[in-house]
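Below: one structure, written as structure tokens.
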Amino acid sequence: MLKITHLHKTFFPNTPNEKKALRGVNLTLEEGDFVTVIGSNGSGKSTLMNCIAGVFYPDKGHILIDGVDVTRMPEHVRAKYIGRVFQDPMKGTAADMQVAENLAMASRRGKPLSLKWSSQSSQLAEFREALKELDLGLENRLETRIGTLSGGQRQSITLLMATLVPPKLLLLDEHTAALDPKTAEKVLNLTQKRVSEGNLTTLMITHNMRDALRFGNRLIMMHEGRVVVDVKGEQKKELTIQSLLELFEKASGAEFDDPEALLTVD
Ligand SMILES: Nc1ncnc2c1ncn2[C@@H]1O[C@H](COP(=O)(O)OP(=O)(O)O)[C@@H](O)[C@H]1O
Ligand SMILES: [Mg+2]
């Protein structure tokens, strides 16, 4: 489904600020894999996702989605394969447009662009139904401008938009980190629901180890630009924070007197 080989990315090469963000990432996802991604700050998690999404190109290596080599495919072209939700609720939706207009845009993923959207009642009914599932009282606010909604509401709508037309790949980069705990929980539950309903192949970066253990069928940990831990299936189910830290220490050769410094455990 997703095949990443020998991926390298260096920022500011050959300067005093040189930063090797990715140092040979290899990762293959099966269809329907729901992978949680953890790793300390600066370990390359977002860079990996940005290379997959085409925000920038890697220096070396290849990225294949469903057998198609997208390594050098422009971001807007590969967007038809990919649904994304980032940390910032302000990204991902058009603030000046109505809820319905945003959803209509998302419903056209991979289809030819048309300039005008006429509100077809059948589609509106479909949007209303989808919004009702969010349980945020948004089903009667189709004409509300997105910009007036709360962060949690926007993030939920972004998630809905990212999955309205099931993407080949769903990329989530700390998409609940900016939300209060209660709202974050709602958005995570919605994530689980959308992923399992669509059997979506998903990468979810989180700084929360409990969420990384709780969600998904597979967990990877990044360290200094590489994937150093990759745990699946039964082994993943049995993981605890303690055993995860041990795996990490073994894989990276690093020892942590203070595991909390590595990752947030709350
Ligand atoms: N657009 C960028 N320009 C320059 N350096 C970057 C950029 N994005 C990330 N980096 C650097 O690459 C390294 C990895 O960053 P990142 O992938 O954002 O880590 P993570 O998401 O795991 O915290 C960091 O040292 C970071 O400063
Ligand atoms: Mg990041």
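Do any helices (runs of 4 or more DSSP H) lying entirely in the stretch 115-225 carry at least 2 residues that are open to solvent by less than 10 Å² (accessible area, probe 1.4 Å) and away from ligand 2 (no atom under 16 Å from the Cβ), and which ones are they? Break it down stepwise before answering.
On the way: elements: 121-134, 151-164, 181-198, 209-214.
Result: 121-134, 151-164, 181-198.
At pLDDT 95 or above, more than 21 Å from ARG214 (Cα to Cα) and within 16 Å of ligand 2 (Cβ to nearest atom): does that describe ASN26? Break it down stepwise before answering.
Numbers: at pLDDT 95 or above: yes; more than 21 Å from ARG214 (Cα to Cα): yes; within 16 Å of ligand 2 (Cβ to nearest atom): no.
Answer is no for this residue.
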For residues in the stretch 167-188 being modelled with pLDDT of 95 or more and within 20 Å of PHE127 (Cβ to Cβ), which is nearest to ligand 1 (Cβ to nearest atom)? LEU170
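Within the stretch 26-37, work out how many residues are more than 9 Å from ligand 1 (Cβ to nearest atom) and in contact with a helix residue (DSSP H, G or I) (Cβ under 6 Å, 6 or more places away or on another chain). Spell out how you get there, then give the answer.
Our first condition is that a residue be more than 9 Å from ligand 1 (Cβ to nearest atom); within the stretch 26-37, this holds for 26-36.
Pick out the ones that are also in contact with a helix residue (DSSP H, G or I) (Cβ under 6 Å, 6 or more places away or on another chain) and you get 34, 36.
Here the count works out to 2.
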Filter pass, LYS3 being within 13 Å of ligand 2 (Cβ to nearest atom), within 24 Å of ASP66 (Cα to Cα), touching a residue at least 40 places away in the same chain (Cβ under 8 Å) and open to solvent by 10 Å² or more (accessible area, probe 1.4 Å): no
Leading residue by the ranking (farthest from ligand 2 (Cβ to nearest atom)) among those in the stretch 29-47 that are open to solvent by 10 Å² or more (accessible area, probe 1.4 Å) and among the hydroxyl-bearing types (Ser, Thr, Tyr): SER40
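If a residue must be outside any loop (DSSP other than H, G, I, E, B), more than 16 Å from ligand 2 (Cβ to nearest atom) and of a type in the set (D, E, K, R), how many such residues does the stretch 80-109 contain?
The initial filter retains those residues of the stretch 80-109 that are outside any loop (DSSP other than H, G, I, E, B), namely 80-85, 98-106.
Imposing the further condition that a residue be more than 16 Å from ligand 2 (Cβ to nearest atom) reduces the set to 80-83, 98-106.
Then keep just the ones that are of a type in the set (D, E, K, R); that gives 80, 101.
Residues in the stretch 80-109 being outside any loop (DSSP other than H, G, I, E, B), more than 16 Å from ligand 2 (Cβ to nearest atom) and of a type in the set (D, E, K, R): 2 in total.
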For the stretch 1-29, which positions are part of a loop (DSSP other than H, G, I, E, B) and either touching a His at 6+ places or on another chain (Cβ under 9 Å) or closer than 19 Å to ARG78 by Cα (or both)? MET1
Given the condition open to solvent by less than 20 Å² (accessible area, probe 1.4 Å), out of contact with any helix residue (DSSP H, G or I) (no Cβ under 7 Å at 6 or more places or on another chain) and part of a loop (DSSP other than H, G, I, E, B), answer yes or no: does some residue in the stretch 48-69 qualify? no
Index of the failed condition, VAL77 passing every other in (1) within 13 Å of ligand 1 (Cβ to nearest atom); (2) part of a helix (DSSP H, G or I); (3) aliphatic (A, V, I, L, M); (4) open to solvent by 40 Å² or more (accessible area, probe 1.4 Å): (1)
Could you list, in sequence order, all residues of the stretch 229-246 that are open to solvent by less than 40 Å² (accessible area, probe 1.4 Å) and either within 16 Å of ligand 1 (Cβ to nearest atom) or over 14 Å from ILE38 (Cβ atoms) (or both)? VAL229, GLY233
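The values are calculated or read from the model by the stated rules, or taken from the named source; none is laboratory data. The shown structure was predicted, so the numbers you read here are calculated from the model rather than taken from an experiment. Don't worry about glycine lacking a Cβ; one is built from the backbone with ideal geometry, like all the others, and counts go over all protein chains shown. The accessibility values were calculated without ligands, DNA or RNA, using every heavy atom of the protein model including side chains. Shrake-Rupley method; radii C 1.70, N 1.55, O 1.52, S 1.80 Å.
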